[in-house]
Amino acid sequence: MALTFPFAAIVGQEEMRLAIQMLAVDPTIGGVLVLGDRGTGKSTAVRALADLLPPIKVVKDCAYGCDPAGSSLCEACQTQVGHKLKTETRAVPVVDLPLGATEDRVVGALDLEKALSQGIKKFAPGLLAQANRGFLYIDEVNLLEDHIVDLLIDVAASGENLVEREGLSVRHPARFVLVGSGNPEEGELRPQLLDRFGLSVEVRTPQDLDLRVQVVRRRDAFERNPTAFRAEWEDANTKLRQRIVRAKKLIQNLEVSDDLLMSCATLCHKLGTDGLRAELTLLRATRAYAALQGDKVAERSHLRTIAPLALRHRLRRNPLDDTGSGTRVQRAMDEVLPA
């Protein structure tokens, strides 16, 4: 497998880097959508996510990486309930879903090799199984085929993947965080899928010449000698990982006041967001950001920082208001959350 560009070496794109770190602290935020110009490091940053994730404990030899302490287990692990489950440690999965992937490749299907050679009906897990308890990354997500989008929406909502075909009936856990990137000029995202992303980040080509030179220099050094470049940035990556581990511990007891929750609700009401998912995302993202800062209490300043990321992709289009969604969120914050 090709070596990934180290996360700590990414230059600029502060919003994108922050959103990815918040996801590493609290995956229940619901994923991130990274939209912007081509060649701005969107996929590089997402693939570097694996650098930030501490390993997880799973049931040994489980194809789905079931959590031995969790309640959502696959059929094979359920048969072992009551016995002491053997465990092992694995890296958190970060799985790529290519645009040309077939439905069978995504959800899983009959293992044809075993069926033809041994006459055994066995399920071959798909990408959703590999992504369980991890991250599912879709590059050019706005170009994804509609029937695959429908599958993702169903599974993302239920946390389970049900496959019934070729005489097989298999149900397995598939709880993953959606991470998508794309160029909005190449097509819009379906509203149903857009709503599944907790955060939205806009990435632009840097205009500062010194910054552009720094990006090019680091990328060139990485491509010339990936191993040496990663070794050079290993300490910085380790510090980032330790910061995230500390934040994951801190977030468990981090306080969020009723006044701050009221501010979340007021802000969403002011912007006319549909449903209550926006409030939940605001709560979780504010808490994750506060934990990353090392704070024990979530404050209005934390909410102001992350509100644009959590809300701008949820706004309805207003034909009488030609300002961007980010500007509309900022105006609402100035009224509801005065600095």
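Here are some notes:
- Flag: residue 162 does not match the condition of being open to solvent by less than 70 Å² (accessible area, probe 1.4 Å), at negative phi and without any contact (Cβ under 8 Å) to a residue 60 or more places away in the chain.
- Complete set of residues in the stretch 51-66 that are modelled with pLDDT of 80 or more and open to solvent by less than 50 Å² (accessible area, probe 1.4 Å): 52, 53, 54, 56, 58, 59, 62, 64, 65, 66
- All positions within the stretch 122-157 that are part of a strand (DSSP E or B) and either in contact (Cβ under 8 Å) with a residue 60 or more places away in the chain or of a type in the set (Ser, Thr, Tyr) (or both): 125, 134, 135, 137, 139
- The condition of being more than 30 Å from residue 8 (Cβ to Cβ), in contact (Cβ under 8 Å) with a residue 12 or more places away in the chain, in contact with a Lys or Arg (Cβ under 7 Å, 6 or more places away or on another chain) and not small (Gly, Ala, Ser) does not hold for residue 254.
- Cβ separations smaller than 7 Å between residues 6+ apart or across chains give the following pairs from the stretch 305-323 residues that are among the polar types (S, T, N, Q) to residues that are modelled with pLDDT of 85 or more: 305/289.
- All positions within the stretch 23-41 that are open to solvent by less than 40 Å² (accessible area, probe 1.4 Å) and more than 19 Å from residue 226 (Cα to Cα): 23, 24, 25, 26, 29, 30, 31, 32, 33, 34, 36, 40
- Pairs with Cβ under 6 Å, 6+ apart, first in the stretch 37-54 and under 11 Å from residue 6 (Cβ atoms), second acidic (Asp, Glu) and open to solvent by less than 30 Å² (accessible area, probe 1.4 Å): none
- Conditions (1) at pLDDT below 85; (2) in a strand (DSSP E or B): number failed by residue 35: (1)
- Which numbered condition residue 12 fails, given (1) part of a loop (DSSP other than H, G, I, E, B); (2) in contact with a Leu (Cβ under 8 Å, 6 or more places away or on another chain); (3) at pLDDT 85 or above: (3)
- Taking the stretch 230-339 and the helices (runs of 4 or more DSSP H) fully enclosed by it, the elements with 3 or more residues that are under 17 Å from residue 30 (Cα atoms) are at 277-292, 300-311.
- All told, residue 234 falls short of being modelled with pLDDT under 95 and touching a strand residue (DSSP E or B) at 6+ places or on another chain (Cβ under 7 Å).
- Counted residues, the stretch 166-216 - those being charged (D, E, K, R) and closer than 24 Å to residue 95 by Cα: 8
Every residue, every condition in (1) more than 25 Å from the chain's Cα centre (by Cα); (2) open to solvent by 80 Å² or more (accessible area, probe 1.4 Å); (3) under 30 Å from residue 23 (Cβ atoms); (4) modelled with pLDDT under 85, yes or no:
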| site | (1), (2), (3), (4) |
| --- | --- |
| 78 | yes, yes, yes, yes |
| 84 | yes, yes, no, yes |
| 88 | no, no, yes, no |
| 96 | no, no, yes, no |
| 103 | no, no, yes, no |
| 106 | no, no, yes, no |
| 118 | yes, yes, no, yes |
| 121 | yes, yes, no, yes |
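- Qualifying residue in the stretch 273-285 (condition: over 21 Å from the mean Cα position of the chain (by Cα), open to solvent by 70 Å² or more (accessible area, probe 1.4 Å) and farther than 19 Å from residue 328 by Cα): no
The values are calculated or read from the model by the stated rules, or taken from the named source; none is laboratory data. Since this is a predicted model, take the numbers as computed values, not measurements. Because the Cβ atoms are built from the backbone with ideal geometry, glycine has one as well, and the counts that use them run over all protein chains shown. What goes into the accessible areas is simple: the full protein's heavy atoms, side chains included, and nothing from ligands, DNA or RNA. Shrake-Rupley method; radii C 1.70, N 1.55, O 1.52, S 1.80 Å.
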